[in-house]
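Each value in this text was obtained by applying a stated rule to the coordinates, not by laboratory testing. Model, not experiment: these values are computed from the prediction. As a convention, Cβ positions derive from the backbone with ideal geometry for all residues, glycine included, and neighbour counts pool all protein chains shown.
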Amino acid sequence: MNTDFSIDLDQLQCTPSPKSVQGLHWKRAMDALLILLALPFLIPLALLIVLLIRSGSRGPILFRQERVGYLGRRFRCFKFRTMFMDADTATHQGHLHELMNSNTPMMKMDSKGDSRIIPFGVWIRASGLDELPQLINVLRGEMSLVGPRPCLPYEYNKYLPWQKERFVTMPGLTGLWQVSGKNKTTFVEMIQLDIRYAKYKTPGGDLKIILLTIPALLIQMLETRQARKAFFRPVRRKASHCKFATEPPFFARAALVGAVQARDGENVWIRKETKLNT
């Protein structure tokens, strides 16, 4: 897929063009048709995720969060809950602030370990299945299947004027950014990809993005697994190296074996001495 970022950003205006407004009609029709066709597969998948969440933690299944969507309008976005209740958000805000003000890839905190995430939560997030309830937002007309990700209010408040051009189209579950590298792109590159999609979206382009989303998610799951394995490996090696040296039962067993050996050795010496004397 073409990921050319050559967009005349200075000429962008944060207002919807007539073509952009007309695009909402075919997107609504396509979204409804594709959701209807996918329901037989989506319902069992959603039930499985519900069971995983219920087995891993207590609390509501769905997580509701305020997001910013089309033309800066705010709405309640639905997700499967993958974090423990009352999880601290300050850490995420700090991580997001760093990504927005640096040239580093848009990596999630999941790969480095996040104590806020429930069991099975890492893989639900890596597979993108935590966003499945956003189909409700699509049916309500607040989102589309394809489009820029709806951002958080404190993220929106930090956007530069030209960056808000990404909001001239409906936000989506997947998009051009998600199938163009995602975790390997910087924040500015993400914005440029979203603006490019908002200006040049087509029905054929949406279908292509939807088809490319599946392999993109599989690659994301593999990269998450590799990143977590690389991050936790040194800790495991260190723990295994000093495992027995820090366990009190080890010393107890060693002392007991030493005492038995000393006793047996002493008994052998006494028997030898007695035999010589006789």
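Odds and ends about this structure:
- Cα gyration tensor, the range 71-217 - rounded (a/c under 1.5), prolate or oblate: rounded
- Label positions at residue 222 and residue 87, each projected 7 Å from the Cα along the C-beta direction, are separated by 2.6 nm.
- Dipole of the range 78-151 [Lys/Arg +1, Asp/Glu -1 at C-beta], most positive-end residue of 144, 94, 123: 144
- Out-of-range pairs (alpha-carbon distance over 23 Å; input 79/108; 27/108; 164/201; 208/229): 27/108; 208/229
- Low-density loop positions, trypsin sites (Lys or Arg not before Pro), the range 34-132 - DSSP coil, at most 14 other Cβ in 10 Å: 58, 73
- Derived scalar couplings between HN and Hα for the range 72-87 equal x, 6, 9, 8, 8, 9, 9, 8, 6, 6, 10, 10, 5, 4, 6, 5 Hz in order, rounded to whole Hz, by the Karplus curve 6.51 cos²θ - 1.76 cosθ + 1.60 (θ = phi - 60°), x for Gly and Pro.
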